[in-house]
Amino acid sequence: MEPKEFILKVIDSYVEARRSVFKDKKIHRGRSHTISSLAEDLLAYYLIKNDPNIEKIYVDQSVYFPDSKTGI
């Protein structure tokens, strides 16, 4: 994936996010759907396609902090 293609996909995602999921002329969406998850996945895809040294990318992983009092 070339950098220009990556940027165009992000732009297309923002344009698509402005549309309502349900098509009806009576529905007018004010704010866009968030595209953060899609952008994260797209960036991960871009990186693995452009850097053969990357073996694995973890996207949106939860972080666990053990409780210092219980040790859990």
Among residues of region 49-71, those that are open to solvent by less than 100 Å² (accessible area, probe 1.4 Å) and modelled with pLDDT of 85 or more, counted: 5
Pairs, first more than 18 Å from E5 (Cα to Cα) in region 23-46, second among the polar types (S, T, N, Q) and in a helix (DSSP H, G or I), C-beta under 8 Å, six or more apart: none
Filtered residues of region 1-26 (kept if among the aliphatic types (A, V, I, L, M), surrounded by 11 or more Cβ atoms within 10 Å (Cβ to Cβ) and assigned to a loop (DSSP other than H, G, I, E, B)): M1
Within the group V59, V63, V15, which residue is touching a residue at least 12 places away in the same chain (Cβ under 8 Å) and aliphatic (A, V, I, L, M)? V59
Considering only residues that are part of a helix (DSSP H, G or I), open to solvent by less than 50 Å² (accessible area, probe 1.4 Å) and in contact with a helix residue (DSSP H, G or I) (Cβ under 7 Å, 6 or more places away or on another chain), which ones fall in region 35-45? A39, L42
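The values are calculated or read from the model by the stated rules, or taken from the named source; none is laboratory data. Source: prediction; values computed, not measured. All Cβ positions, even for glycine, are placed from backbone atoms using ideal geometry, and neighbour counts span all protein chains on display. Surface areas here come from the heavy atoms of the whole protein model, side chains and all, with no ligands, DNA or RNA. Shrake-Rupley method; radii C 1.70, N 1.55, O 1.52, S 1.80 Å.
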